[in-house]
Amino acid sequence: MAVSEAAGQYGIVMRRVRAASLLDPLFYVQVVVILFLCALIVYPAAILLGMSLRDEAGGLTLKWFAEAYGNARNLGAILNTLVIASGTAVAATIAGTFLAWAVVRTDMPGRRLVEMASVVPFISTPFIGALAWVLLASPGAGLLNQLWSYLGGPGVLLDIYSLGGMIFVESLYEMPFVFLMVAGALRSMDPTLEEASLSAGAGLWRTTTRVTLPLVLPAILGGALLVFVLAAEQFGVPAVLGTPARIRVLTTSIVESQASYPIRLGLGAALSVTLLAIALVGLWLQRRMLGRRSYTTIGGKGAQPRRFRLGRLRWAIFAACLAYLMLAVALPYAAIFLSSIRTIWTADFRWDQWTLENYRWVFFDYPITQRALVNSLFLAVVGASVTMLLCAVISFLSLRTRLPGRRALDYLSMVPMGFPGVVLAFGLLHAWIHPPVVLYGTIWILFAAYMTRYIPIGVRATSATLVQIHPELEESSLSSGANWFQTFKNVTLPLLKPGMLAGWILLFIAFSRELSASILLYSPRLEVLSVAIYDLLLGGEFRALSALAFLQIGMALAMLALAKWVSGLDRTPGERTGGRTP
Amino acid sequence: MTSLIVDRLTKRYGSVLAVDGISFSVERDEFISLLGPSGCGKTTTLRCIAGFERPDGGAILLNGEPVADAATGFFRPPNKRHFGMVFQSYAVWPHMTVKENVAYPLKVQGGVPRAEMEARVADKLRIVGLVGYEERFPTQLSGGQQQRVALARALVMEPRALLFDEPLSNLDAKLRERMRFELIEIQSKLGIPAVYVTHDQAEAMVMSRTVIVMEKGRISQSGRPEEVYARPKSRFVADFIGLSNFVEGTVAGPAGDGNWLVRTPLGELVCCSDEPLAPGRAAVLAIRPECIRLQIERPSGPNVVPVTLKQRYFLGPYSEYFVAAGEIPLRVQASDPVEVAPGGTLFAAIDPERCRVLAGEASPEAAQEMAVRATHAADLAFRTPSVGLA
Ligand SMILES: Nc1ncnc2c1ncn2[C@@H]1O[C@H](COP(=O)(O)OP(=O)(O)OP(=O)(O)O)[C@@H](O)[C@H]1O
Ligand SMILES: [Mg+2]
């Protein structure tokens, strides 16, 4: 069974290699796509590097790096970035591994509820989470602090404007990545490995610490590194929580370098290169970790892993997991909702404080909202569509042809994963601000940035679907007399639809709330939703901001519901892959 | 009249020589089969003809015109070849109805008026027996019906040649048998060359005017099915098409009537050969199991060998006997029952006209190597049926 399956897959791989090498016009399509990706990725990166190594007169210099690493302010930002990233990685990894273990390996009640942790990143961004936690735990007006004083507690209970606060919030929203990876590894682990330890006389506790954990360690470390990179790239959280406490990190410093006077772009570029290096090294290490993972996944055929019988502890562990959902979802979103429908932010709830005025004001009186909504929706709908189409073409070229250069294409399409949004924006901005092609000041610069950032996610969605489609379906179109374009349009695209739709929804959600690239690339009249929220934050308009944030959360939830409905639709058997595997 | 020519076709995948300079031609209305074990290069040959692979050497010509020529680098892409191809996986598009699937070739090629398109699609659906299924989606069809959709789709474009890659291998035995005859009938009406790839020898023999037996990227033998069956040139062919007993020996000399005397462990046997044989040279004899008669009384005539019955299996139309002449195992198929208990003695009479010296197995080294393999194969032959029939 396993052998013939493997042979079947091998056959498909071979076919794929053989298929469609004949489509010569495709070579030119591929060249165009590669050039396009170079314009969006390689050229900006080169510009960035160039800027970091040149002085005002254009001569070669290392002074910007000297300033980045020599000046206490900048060095502080680098150190803070590393501290926050490491702290977040540690906290998120411990919590994520614990949750994954509890869900996969114990008989804890409510496991399906706790699984919902994996959707948390889709509901909102860490940026919105940070705003919510300001409402809950800012030293002055935070609801929890107010309650604390009301109960007679001394001083301030929580200060969210701190390194610890940032680590806390980022951990909440990045933990699900660890959770997903570790839960996946635990699920695919061969249960006989544990059974062997048990029958050797080791107890459950020893088996867990000596066998199970070491086996999923690559997944744990891989998750930790991913979170490290995500936290280092994070702009929203330090902008909300760090700025009031004068805690600077790399992302906020880069953005600042664009706005401060005298403008010192070289410094911004040097900081960007530094952040880029941190992210690339982190991702490279992560790849290596996950590359070693294979030995844990000796597919026990649907064998059920053994579950710990927790006894009375089960409720305690469930409570701990529930606490996570409270802190990441229930409390913050309730705070945002409450803040959006009240006239004043106090713990002292009175009937005359409820109002819809915040919504009215933010939609009709605040000039930016309507433009921002139009821009964000345009980018989300058109941007996600164009990006998915491009991703389908990239997947097709790299999986269904043998053209020279398809490896480069494959590689290029994955590179943006290592690009922090702020850094990408910095590069794109300076790459495309000069004539003859001026994208800055148009919506297309945002379009390009979003597209570039999310190409890896789109390509993964389309490639995963494409490998399930038998190549003979396309070959039979060719032998029917259709050219490659007709084949792509009539056969490949329709069959890719389910995967593309799922990818499109992901991109829609991401595009409709992008912040860290937008913050450098927007210009007056070209604001987007997150920028509008950010602008309100700078003005201290927390109630109006909550109204917009609530709208953003609502949009994401609606899209998630749509995704679920759509995935229910395409579950008709056979529709998806078509044909039969021989 | 010759229509499709494959000339010294070579195709390499890295270091693997998948097709090694094979040549054959197919006449206008001829149905030809490529037959051979898994991995021998059948699919690769077909895909070169269809245009999914670029040959590394040789040429492919249709009606005297090249469609691919490695020497000049000429290559016509598959969508310009108008060859109807039926794939093993059917490759029926799941997002189109039966009608849309079949109409697709006409649509993409353009220039066919709507009414004519309808008529041609309806006509082909009638030929394959799918009237009434026009609006169904492939997921609502059985495997055999999907197979017919694929066939109708290949036919509708009025192809210049028909190519099949094991199109029946996913069907059950009964349906497969019916489809065989339908395919030949359709092809003979169209009068175009057809190349059919299969590893099922029965299928190849029933369907084709010519079978080409392939081994490791080369042609071992080709010819009419009767001829390939009756006069295999090599042990590989004799073994792959039908069953054979192999007996090694040395040529003793002519035996009159154009026959030859070969000295073997079974005694001196009178055999026939396609070519003259020098006395003293090594020879391998191939004897089909159904060409040996078993009798209780010693019959008169040449080539009579006393044997011991080891096992007997009743298979319905005939019985299978495993006998041994001394140390040499023989397999015999006969329809008339021979009532002897295992261990009993019988006489095997071998028809000299069907006791053949294999032309391709003459060299002493080959004979040496073969001797080892033959005993091995015979060993297996003794064991496998008892497993299969237990
Ligand atoms: N894309 C490829 N890359 C490398 N080797 C290949 C490729 N396609 C086929 N081969 C090799 O070429 C040889 C012939 O393969 P082919 O598919 O033509 O065999 P086949 O006769 O059709 O076999 P089967 O009956 O199993 O379908 C095999 O050794 C196979 O491994
Ligand atoms: Mg094949």
For the protein assembly as shown, the per residue accessible area (1.4 Å probe, Å²) is 43
For n ≥ 4 DSSP H runs only, could you compute -39500 (n - 2.57) per run for chain B, divide by its residues and tell me the 222 nm figure to the nearest 500? -9000 deg cm²/dmol
A 1.4 Å probe over the protein heavy atoms gives the range B:240-367 a carbon and sulfur accessible-area percentage of 53
In square angstrom and rounded to 100, what buried accessible area do you get between chains A and B, total over both, with the probe at 1.4 Å? 2700
Relative contact order in percent for chain B (Cα pairs under 8 Å, 6+ apart) equals 15
Report the Cα centroid-to-centroid distance between the range B:300-366 and the range B:210-272 in angstrom, as an integer. 16
Percent accessible area from carbon and sulfur atoms, the range A:62-208, protein chains only, probe 1.4 Å: 71
Scanning chain B for helices, which whole DSSP H stretches are 30 Å or more long along the axis (Cα) and average 1.6 or more by Kyte-Doolittle? none
Whole percent per 5 Å bin, from 0 to the bin with the longest distance: what is P(r) over all C-alpha pairs of the range B:2-235? 1, 7, 14, 18, 19, 16, 12, 8, 4, 1, 0, 0
Mean projected area in nm² (Cα convex hull; one quarter of hull surface) for the range A:346-453: 11.6
Can you flag which of A:489/B:107; B:11/B:80; B:107/B:189; B:80/B:107 are past 18 Å Cα-Cα? B:11/B:80; B:107/B:189
Roughly how large, in nm² to one decimal, is the mean projection of the convex hull of the alpha-carbon atoms in chain B? 23.3
Run the helix sum for chain A: -39,500 (n - 2.57) per DSSP H stretch of 4+ residues, divided by residue count, reported at 222 nm to the nearest 500 deg cm²/dmol. -21000 deg cm²/dmol
So what does residue B:135 come to for accessible area, using a 1.4 Å probe and Å² rounded to 10? 120
What's the Kirkwood radius of the protein assembly as shown in Å, using all Cα pairs? 34.0
Given backbone amide H placed at 1.01 Å from N, residues whose amide H is under 5 Å from that of residue A:310, ignoring those fewer than 5 places away on the same chain, are A:107
Separation of the range B:139-198 and the range A:329-402 by C-alpha centroid, Å? 56
Let me confirm one metric for peptide B:89-100, namely the mean number of other chain beta-carbon atoms within 10 Å of its residues' beta-carbons. 6
No solvent, one uniform scatterer per C-alpha: report log10 I(q)/I(0) for chain A via the Debye equation at q = 0.08, 0.09 1/Å, two decimals. -0.62, -0.79
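Taking all protein chains in place and a 1.4 Å probe, what share, in percent, of the accessible surface of the range A:435-542 do carbon and sulfur account for?
Details: 2210 of 3430 Å².
About 64 percent, which is the carbon plus sulfur part of the accessible surface.
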For residue A:402, other-chain or 5+-apart residues with amide H closer than 5 Å (H placed, Pro excluded) are A:21
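The values are calculated or read from the model by the stated rules, or taken from the named source; none is laboratory data. This is a predicted model, so every value here is computed, not measured. When we count neighbours, we look across all protein chains shown, and the Cβ atoms used for this are built from the backbone with ideal geometry, even at glycine. Calculation scope for accessible area: heavy atoms of the full protein, side chains included, ligands and nucleic acids excluded. Shrake-Rupley method; radii C 1.70, N 1.55, O 1.52, S 1.80 Å.
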